[in-house]
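So the structure is just underneath, and the comments pick up after that.
The values are calculated or read from the model by the stated rules, or taken from the named source; none is laboratory data. Since the model is a prediction, treat every value here as computed from it, not as a measurement. All Cβ positions, even for glycine, are placed from backbone atoms using ideal geometry, and neighbour counts span all protein chains on display.
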Amino acid sequence: MKKLNKVLILILLIAILLTNAKVYSIDEMKGFVPNAYIRGDVNEVINLKNLKDISHTKIEYKNNKLKVYKLKDIVDKAKPISKEYEIVFSAQDGLRAKISSDKIAESYINFSNKYGWEAINLNHPISSNIKLIDNITIVSQADISKNLFTIITSEENILSKTPGQLLIDSYYKKAVFEGESTQNVDGIDYTTAIFSERKLLTLEELVNKDLESRTIIFNKEGKTLSYNGGYLELKSNYLNYINPEQKESLENIRGVIIDAPLKSNKDAFYDALHYLENGKKVLIVLLDGFSYHQFSHLKENNELPYMSKIDNNSKVITSYKPVTNTGLAAVLTGKSPAQNGVYSHDFKDLKVPDLFKKASELGIESVYVEGNIKILNTSIEPILNPDLNENDTTDDEVFNETKKQIKNGAQLIFTHFHGIDDTGHDYGPFGKKTKEVIKMSDQYLKKLAEIWDGKIIITSDHGMHKTENGGDHGLVLYEDMFVPYLITEGGKMDE
């Protein structure tokens, strides 16, 4: 009898443990478990159903012992793009609660049959404990440039938002037709139309005006589309552009330019070829990091005595991503990043012929004068110029090498000055030292023009915007995306 009692007690204990396990952990839950996502300003979108590599922790909540996940562990798994962010819990019925990321030491996520995915914030008011969660949105509060969507004109920045910020703002859901299929049964066609529900915005709503002028959209890989109606589609951590009527789409868009000019710095490739084919010598000068807003500001203040006198000057657009490799590749090939294969600093190989290759086909010898490093793999090797006099710039060495090549009789010279960009990063686009370098570049141009007997094309790879600690570039901002484009003749100008 005692042996039987011991067996019964053992069976009872096992039953209790099994019952508690079903309450504690999703791993032992049976039946339907709904999806719920960590989304927004994160590098990886996480489905809460897939948390097997995250350890549980035990807490006491409302007189129950629960086996839960630490909120911080889940969010860290999604890799937020910013160190400072807010966390927005969204319930299936539309209820939301927002907390700050710096106060989540006692915040947890639980799953139960009754409440589904549930937030348990022990140090926050009870209203933050959202039940039946379908999304947890991470919203950046600082350092948001890594995944920013912008709308600009050539004169101003109109809107800057992250995917997380847009996801907690207003949008509408629309059923978008995806296609249809037909099955024939006993001579009768049965057709099914397929639709998908999308989270959509329109550009007109975002800028609060009709878009009647040329508007272009850039995506992460530098591809562009001209806007002709359609929608911005909000995905979990990025945006797409879709136009169902035109059957156009662009994935992972980065920005939109309204009133976009037709001219770009890619024109340097075609203008140079035109002049070379007509027997003209060509000197192309690339002023790295020189934006149109810097050019116009210094011109208005009479601080650019040489460039200010060039009548053939215009504001042109550069390619996205506005960094050196991308802009340089666009100027040297006349093609967009999607065509030439250079999307960012990470790419060096050109997929299309460069200007030097085209010139060689015309029987013209080219010279490429660079700073102290090779940036792209071009058809000719650049002449590198280290900082021999250790004055923290290679511009004087580049200037002297260009003069030497002019005297050697080169027909096509491509010269790349880096000083404006280097100084702008440290002191900002309008810092005193940056302006001094721009003025010195103007003097270098003047002196080169005096000994050059051909066409001169002056442009830039990208611009620069002001930051808290200096300057930077790489975004769809008007300061970064618009650069000067000047064409003139060599020879001494009248003073």
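Can you tell me which residue within segment 236-254, out of those that are among the hydroxyl-bearing types (Ser, Thr, Tyr) and not in a loop (DSSP other than H, G, I, E, B), is nearest to Ala36 (Cα to Cα)? Steps first, please.
Of the residues in segment 236-254, the ones among the hydroxyl-bearing types (Ser, Thr, Tyr) are 236, 238, 241, 249.
Add one more test, that the residue is not in a loop (DSSP other than H, G, I, E, B), and what stays is 241, 249.
Numbers: Tyr241: 25, Ser249: 27 Å.
Only one residue fits best here, namely Tyr241.
Just give me the residues in segment 323-341 being touching a Leu at 6+ places or on another chain (Cβ under 7 Å) and closer than 15 Å to Asp288 by Cβ, in sequence order.
Selection gives Asn325, Leu328, Ala329, Val331, Leu332.
So the check is Cβ under 6 Å with 6+ separation or different chains; which pairs have a first residue in segment 235-257 that's without any contact (Cβ under 8 Å) to a residue 24 or more places away in the chain and a second one that's crowded, with 17+ Cβ neighbours inside 10 Å and assigned to a loop (DSSP other than H, G, I, E, B)?
Qualifying pairs under 6 Å: Asn243/Gly230.
Kindly evaluate Glu233 against the criterion of being within 17 Å of Ile158 (Cα to Cα), within 24 Å of the chain's Cα centre (by Cα) and outside any loop (DSSP other than H, G, I, E, B).
no
Mind checking which residues of segment 63-117 are closer than 17 Å to Val42 by Cα and in a strand (DSSP E or B)?
So in segment 63-117, the residues closer than 17 Å to Val42 by Cα come out as 71-90, 98-102.
Selection gives Pro80, Tyr85, Glu86, Ile87, Val88, Phe89, Ser90, Lys98, Ile99, Ser100.
Going by the conditions given, is Asn301 over 18 Å from Gly491 (Cβ atoms), assigned by TED's automatic domain parsing to the domain that holds Ile438 and over 30 Å from the mean Cα position of the chain (by Cα)?
Values: over 18 Å from Gly491 (Cβ atoms): yes; assigned by TED's automatic domain parsing to the domain that holds Ile438: yes; over 30 Å from the mean Cα position of the chain (by Cα): yes.
Against the criterion (over 18 Å from Gly491 (Cβ atoms), assigned by TED's automatic domain parsing to the domain that holds Ile438 and over 30 Å from the mean Cα position of the chain (by Cα)), Asn301 qualifies.
In this structure, is His473 crowded, with 22+ Cβ neighbours inside 10 Å, of a type outside the set (Asp, Glu) and not assigned by TED's automatic domain parsing to the domain that holds Leu159? It would help to see each step written out before you state the result.
On the way: crowded, with 22+ Cβ neighbours inside 10 Å: yes; of a type outside the set (Asp, Glu): yes; not assigned by TED's automatic domain parsing to the domain that holds Leu159: yes.
It is true that His473 is crowded, with 22+ Cβ neighbours inside 10 Å, of a type outside the set (Asp, Glu) and not assigned by TED's automatic domain parsing to the domain that holds Leu159.
Quick one: which of Lys455, Lys447 is crowded, with 17+ Cβ neighbours inside 10 Å and among the basic types (Lys, Arg)?
Lys455
Looking at Val88, Val68, Val75, Val45, which is the one that is surrounded by fewer than 19 Cβ atoms within 10 Å (Cβ to Cβ) and among the β-branched types (Val, Ile, Thr)?
Values: Val88 fails: surrounded by fewer than 19 Cβ atoms within 10 Å (Cβ to Cβ); Val68 fails: surrounded by fewer than 19 Cβ atoms within 10 Å (Cβ to Cβ); Val75 fails: surrounded by fewer than 19 Cβ atoms within 10 Å (Cβ to Cβ).
Being surrounded by fewer than 19 Cβ atoms within 10 Å (Cβ to Cβ) and among the β-branched types (Val, Ile, Thr) holds for just one of Val88, Val68, Val75, Val45, which is Val45.
If you take the residues in segment 308-333 that are closer than 20 Å to Asp271 by Cβ and aliphatic (A, V, I, L, M), which one is farthest from the chain's Cα centre (by Cα)?
Ile310
Among the residues of segment 440-467, which ones are of a type in the set (Lys, Arg) and in contact with a Leu (Cβ under 8 Å, 6 or more places away or on another chain)?
Lys455, the sole residue that qualifies.
The rows are residues; the columns are (1) of a type outside the set (Gly, Ala, Ser); (2) closer than 23 Å to Leu276 by Cα; (3) crowded, with 24+ Cβ neighbours inside 10 Å.
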position: Ser336; (1), (2), (3): no, yes, no
position: Val342; (1), (2), (3): yes, no, yes
position: Asp349; (1), (2), (3): yes, no, no
position: Val367; (1), (2), (3): yes, yes, no
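Ser314 is checked against (1) part of a strand (DSSP E or B); (2) crowded, with 22+ Cβ neighbours inside 10 Å and fails just one. What number does that condition carry?
Ser314 satisfies all of (1) part of a strand (DSSP E or B); (2) crowded, with 22+ Cβ neighbours inside 10 Å except (2).
Do you know which residues across segment 463-478 are within 17 Å of His297 (Cβ to Cβ) and part of a loop (DSSP other than H, G, I, E, B)?
Gly463, Met464, His473, Leu477
In segment 144-164, is there at least one residue being surrounded by 10 or more Cβ atoms within 10 Å (Cβ to Cβ) and farther than 30 Å from Glu468 by Cβ?
Within segment 144-164, none of the residues are surrounded by 10 or more Cβ atoms within 10 Å (Cβ to Cβ) and farther than 30 Å from Glu468 by Cβ.
Tell me which residues, restricted to segment 216-238, are acidic (Asp, Glu) and farther than 20 Å from Ala329 by Cβ.
Hit for segment 216-238 is Glu233, nothing else.
Among what's in segment 479-495 and is in a loop (DSSP other than H, G, I, E, B) and among the charged types (D, E, K, R), pick the residue that is modelled with the lowest pLDDT.
Filtering first and then ranking leaves Glu495.
Results for (1) without any contact (Cβ under 8 Å) to a residue 60 or more places away in the chain; (2) over 29 Å from Glu84 (Cα atoms); (3) exposed (fewer than 11 other Cβ atoms within 10 Å of the Cβ); (4) not assigned by TED's automatic domain parsing to the domain that holds Tyr238, shown as yes or no for each residue.
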site	(1), (2), (3), (4)
Lys131	yes, no, no, yes
Leu166	no, no, no, no
Phe177	no, yes, yes, no
Glu180	yes, yes, yes, no
Val185	yes, yes, yes, no
Asp210	yes, yes, yes, no
Ile216	yes, yes, no, no
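What number goes with the only condition from (1) modelled with pLDDT under 90; (2) charged (D, E, K, R); (3) within 21 Å of Ile152 (Cα to Cα) that Lys247 does not pass?
Of the numbered conditions (1) modelled with pLDDT under 90; (2) charged (D, E, K, R); (3) within 21 Å of Ile152 (Cα to Cα), the odd one out for Lys247 is (3).
Give segment 46-62 a look and list any residue that's in a strand (DSSP E or B), closer than 23 Å to Asn135 by Cα and without any contact (Cβ under 8 Å) to a residue 60 or more places away in the chain, or say none.
Result: Ile46, Asn47, Thr57.
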